[in-house]
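I have placed the structure first, in the form of structure tokens, so that the comments after it can refer back to it.
The values are calculated or read from the model by the stated rules, or taken from the named source; none is laboratory data. These numbers come from a predicted model, not from an experiment. We place every Cβ from the backbone using ideal geometry, glycine too, and count neighbours over all the protein chains shown.
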Amino acid sequence: MIANPEPSTLPGMTTVIIFTMLKLSGLSIRLGGRLVVDDVNLTVEPGQTVGLIGGSGSGKTLTALGVLGLLPGAAHAEGHIGLGGIELCGAPERRLRQVRGCRIGFVGQDALAALNPLATIGRHLCIPLRRHRGLNRREAARAAGDLLERVGLAADTVRAYPAQLSGGQRQRAAIALAVAGRPGLLIADEPTSALDPPNQAGILDLLRALPPAADGRPTALLLISHDLAVVARLCDRIAVMHDGCLVEQGDTAELIAAPSHPYTRALVASARALAA
Amino acid sequence: MRALTATRRWAALTATASGLAVLVAALPWLRGDDPARSVLRARLGEREPDPAALAAVRSDLDLPADPLQGAGQWLSRAVTGDLGRSWVDGASVADTLTNAAGVSALLSGTAATIAAIVGVLLAVPAAWAAAGRRRPRAGYAAAALAALPEFVLAAVLITVVAVNWRLAPTAGWFGPTHLVLPALSLGIPTGGLLARLLTTAVEATAAEPWVHTWRAAGSGRRELATALLRRAITAVVPQVAVLFVGVLGGAVAVEQLFAIPGLGRIALHASLAQDLPLVQGCVLFLVVTGVLVGGLGITAHRLLIGPAGQAAGLIPAVPEHRHSPYAVPLTAALLLTTVVGVGLLRDAERVRLDQRLGSPSWDHPLGTDPVGRDVLAQLAHGAILTVGTAAVVTVLSLLVGLAAGLRGGTARTGTADVLNALPPVFVGLVIAALAGPGLTAAALAAALVAWVPLAVHTRSLAEEVRASGYYRAAELCGAGPGRLLRRHLLPAVAGPVVLHALARVPATALTIAGLGFLGLGAGHDSPEWGAQLAAAVTYLERAPLAVLGPVAGLGLLGVLAATPGSGLLTRPPGRLLLRGLRPLHQR
Amino acid sequence: MTALLTATGLMKSYRSHPVLDGVGLTVHPGDRLGILGASGAGKSTLLRLLLAVEAPDRGEIHFRDQPVRPGRPGTLAWFRRAVQLVPQDPYGSLSPRMTVAEIIAEPLVCLRVPGDHTARVRELLAAVDLDPALAGRRPAALSGGQRQRVAVARALAPEPQLLIADEPVSALDATVRVTVLDLLREASERAGAALVMVSHDVAAVRRICTSVAVLHQGRIAESGGVEDVLGRPGSQATRDLLAAVPRLPSVPA
């Protein structure tokens, strides 16, 4: 099933049709009968960085899991999730498995728990490298080393187990894993909140300079965070979620200059009050 | 939460084993009776031994008069391999044990192999289901197998396979065919238990965040299932000692039933004859084996984890709460209550020698026993005896468990680990050897074992509370020990532990029945279920149906005992079973 | 002016790894001191020593010139009454089995503070801007901000002379952080209690503290008035902390 393509006008050209990277329309998620994400409409264009901000329980993480088709058992999504023209909502697991790690990468919060303690970093990287990029064992090993250097780790980290790395190193490895399949979109869910301030800055810089996607374009980023300052620093656009609803979205500078929804206003005021 | 390092586990293991060894060494004097008298009684059954005979026995067996000296002497000789001589036939204990050890090793080795195969085979579907984002369904089969007591399974196998189908010999030890049924009856329940542990670990592992990461990276189902299973096996390996010691415990009943000249059977006969040197030797042998296997488990765990480091030893996250089918345990409970209710109205005492071993009929729905009593009535009255005793034992062990668990302290952790692994049969053997068999002795043995898991559970809950923010906040509010206990510890601990204790009643009843079956519990004419089954087994070839009553009752109890694995108590026993894999982590 | 709390030469090691290496600080009545540091700087260890939960390996703590030594639960009542904690995690620090009123009254009961506890609880609920109707509820029914208000009310209950706050807003939603911080400042001012706040958050310290001590690798790297230290940082540790603060892009108003 093909989602509606977005007509888009480029200056000095005729009208061409370009697929948006990710288009959520009317996405709702029910968790055990309770509506926890309510009619979310959001688009991410290729190469764009979009921040999804909200407090705990606002539904931002569930939205991300919904896109990946990784909702917990009791949750159910309805609406449309278009990924470059493919409908993901209700897609079979087999289809989703081809999308995850290949078209969409995912980085979670706590990299210690997010990596299998019994598998080396290299073993982790082999999952997308061999499955999505079709590399053989030796090629995958070499690609893994290159990738690790790209995210600021030594190439021999392939042989390390997660427990042998520091928090910042683990998060870098997790990002390498997420982009190993050269996805067009990376979803990062609170990637810095388990880290120290100095490490946080490093990870944010890394997210700003992600390796390009398979088609050579920059990787789009959907950054999920509770911290307005972090999101504002990294993102072109910001979407604000509150109580399961997407209450406001817009260009970062405009949204911070003139927040319209009361929750956004409170967020901006709070961030300003605590701005050092 | 404090946890044990591998070194401390080893230390605890050896310390407890040495403690047990000293206790074993002092056995002859623990009876509060002159060993020389016991010897004469054991040999001749004489009531009033004359002094000359006593002195002769003393010099003959080289018995010291003083307990401390005796225990010391026994221990120092045990180190050199001299375990003394049997009080009954004067044979060297070490020789008897060496002969029997080969038989036992073959039997328990085969059983362990069967258990490993059954366990992993049953756990594979769970891993496959979890990798496919489905809830594992295999749990119930594993729980049912795990709940089957060895002696019940053995009785069923003998009845069906050996007597009815004549596919294997009923008893004896003359060749490979004689190994099949005993190894199966030992291995299958252990395999079920192993599968349960693995399934719980797989479920817990499936809830770990890395599974999400693997899925998000596009991992295939087979790849993920393998990783899940590998992690689960790593987590369960330290528990193999407990499982293996369980096999050794089950071997007592199985060897007895199949008349296999192994260690278990020798220990049982020695205990019934109050032949203490032989009991001492058997217990020592089993303790040492247990410690060795436990050490092997710890070492294997370290090797498996390797450089993955300490975090890999972390206990997996607690699986999501699941709503399990209540239908099966509920049906079992209802059936049991109905049978007992109906049976209680009938006369259990009336002996009709003209109706011995009768088949089921309108008058006697479950037939009659070897002296013509109504089996249904016997079953019901036995239920009151078996389950009632279990209830009393449970209340006692609940109180002791709560008290011991709330006292805290890490020193006891290792001890509790070891005691937790001690099969009740061994305790029953020792107590019967000391005090003579009987229902009270069986209850005492059951109680000595039953308080340990409750104490462990209490302690782990109490540790959780003590580590909680609100407990610390209360301390900083100036709360004293009394208030901390009353307002914060007890309310958090009591509910789950009482539920846990309730859920263990069927298991305790099975323990008591098991001891009764071996003749270590209630006497042979008692309607107590184990004793009743033992009596019926004697007449197996003539009246195979007579075992049905007790087997069905014990089977239903088994289903109930398995309920905590799937019912509202998923959490505590699951965590308890997995406790052993919490060795190397945060403090 | 006599000092409220003095700590001198505090040393503490775990497994021969030094965590605190000679820390000294003084809190006077009315002070609001922020203890800043990255994780691993020794903040939580210092906090445990200041609260007399653990004893230092070396060094001493005095409260109003009386030595403070940790003891078994229930001892040291005079110190517990004078020094109260506002914990970090409002979700874990309130017993799920007690009502809000019981939680707030806990120090009153434990420390045997005389007076009408019910009236005092009502007064405290008003002081932290909580609806009196919440008194009978359990923590599960409260939002994070409300729970932290309950924790503040509990700390204020025995009329302490010193409040120690451990990252009091780091677990809260961004929009309520400012209000809880302001509440903490106002409440301590109104109750006439000094405040020590341990935090990694420069902004939070700047908002409510008068003086600051920067903890780095188990030592005080720098201390002084908030404006001095954070305005003209004299140590690398302070500069690193300041650099790590994410800022909103400046937008023309």
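Points to keep in mind about this one:
- Residues in the stretch B:439-470 that are touching a residue at least 60 places away in the same chain (Cβ under 8 Å) and among the β-branched types (Val, Ile, Thr) were compared, and the one that is nearest to B:Ser397 (Cα to Cα) is B:Val449.
- Among (1) out of contact with any Ser or Thr (no Cβ under 7 Å at 6 or more places or on another chain); (2) farther than 20 Å from B:Gly132 by Cα; (3) more than 10 Å from chain B (Cβ to nearest Cβ) - the single one A:His80 does not satisfy: (1)
- Residue pairs whose Cβ atoms lie under 8 Å apart, separated by 6 or more positions or on different chains, with the first residue in the stretch C:60-71 and touching a residue at least 12 places away in the same chain (Cβ under 8 Å) and the second surrounded by fewer than 12 Cβ atoms within 10 Å (Cβ to Cβ) and assigned to a strand (DSSP E or B), are C:Glu60/C:Pro67; C:Ile61/C:Pro67.
- Taking helices (runs of 4 or more DSSP H) as the structural unit, those lying wholly within the stretch A:92-184 and holding at least 1 residues that are facing another protein chain (nearest Cβ under 9 Å) and touching a strand residue (DSSP E or B) at 6+ places or on another chain (Cβ under 9 Å) correspond to A:93-99, A:111-114, A:121-131, A:167-179.
- Once the stretch A:193-210 is narrowed to residues that are modelled with pLDDT under 85 and either away from chain C (no Cβ under 13 Å) or assigned to a loop (DSSP other than H, G, I, E, B) (or both), the residue that is nearest to A:Ala271 (Cα to Cα) is A:Ser193.
- Residue that is farthest from C:His117 (Cα to Cα), among those in the stretch C:131-144 that are assigned to a helix (DSSP H, G or I) and in contact with a Pro (Cβ under 8 Å, 6 or more places away or on another chain): C:Gly144
- Yes/no for B:Phe174 being of a type in the set (Phe, Trp, Tyr) and within 25 Å of the chain's Cα centre (by Cα): no
- Some residue of the stretch C:94-111 being touching a Leu at 6+ places or on another chain (Cβ under 6 Å) and closer than 27 Å to C:Val229 by Cβ: no
- Restricting attention to the stretch C:154-203 and to residues that are within 14 Å of chain A (Cβ to nearest Cβ) and among the hydroxyl-bearing types (Ser, Thr, Tyr), the residue that is surrounded by the most Cβ atoms within 10 Å (Cβ to Cβ) turns out to be C:Ser199.
- Complete set of residues in the stretch B:164-178 that are of a type outside the set (Phe, Trp, Tyr) and either modelled with pLDDT of 80 or more or part of a loop (DSSP other than H, G, I, E, B) (or both): B:Arg166, B:Leu167, B:Ala168, B:Pro169, B:Thr170, B:Ala171, B:Gly172, B:Gly175, B:Pro176, B:Thr177, B:His178
- Residue within the stretch B:211-228 that is buried (at least 22 other Cβ atoms within 10 Å of the Cβ), in a helix (DSSP H, G or I) and away from chain A (no Cβ under 14 Å) present: no
- Among the residues of the stretch A:74-91, those identified as over 23 Å from A:Gly134 (Cα atoms), part of a strand (DSSP E or B) and among the aliphatic types (A, V, I, L, M) are A:Ala75, A:Ala77, A:Ile81.
- All positions within the stretch B:289-314 that are surrounded by fewer than 20 Cβ atoms within 10 Å (Cβ to Cβ), assigned to a helix (DSSP H, G or I) and modelled with pLDDT under 65: B:Gln310, B:Ala311
- If you check B:Ala259, B:Ala251, B:Ala270 for being outside any helix (DSSP H, G or I) and either among the hydrophobic types (A, V, I, L, M, F, W, C) or within 26 Å of B:Leu148 (Cβ to Cβ) (or both), only one passes: B:Ala259.
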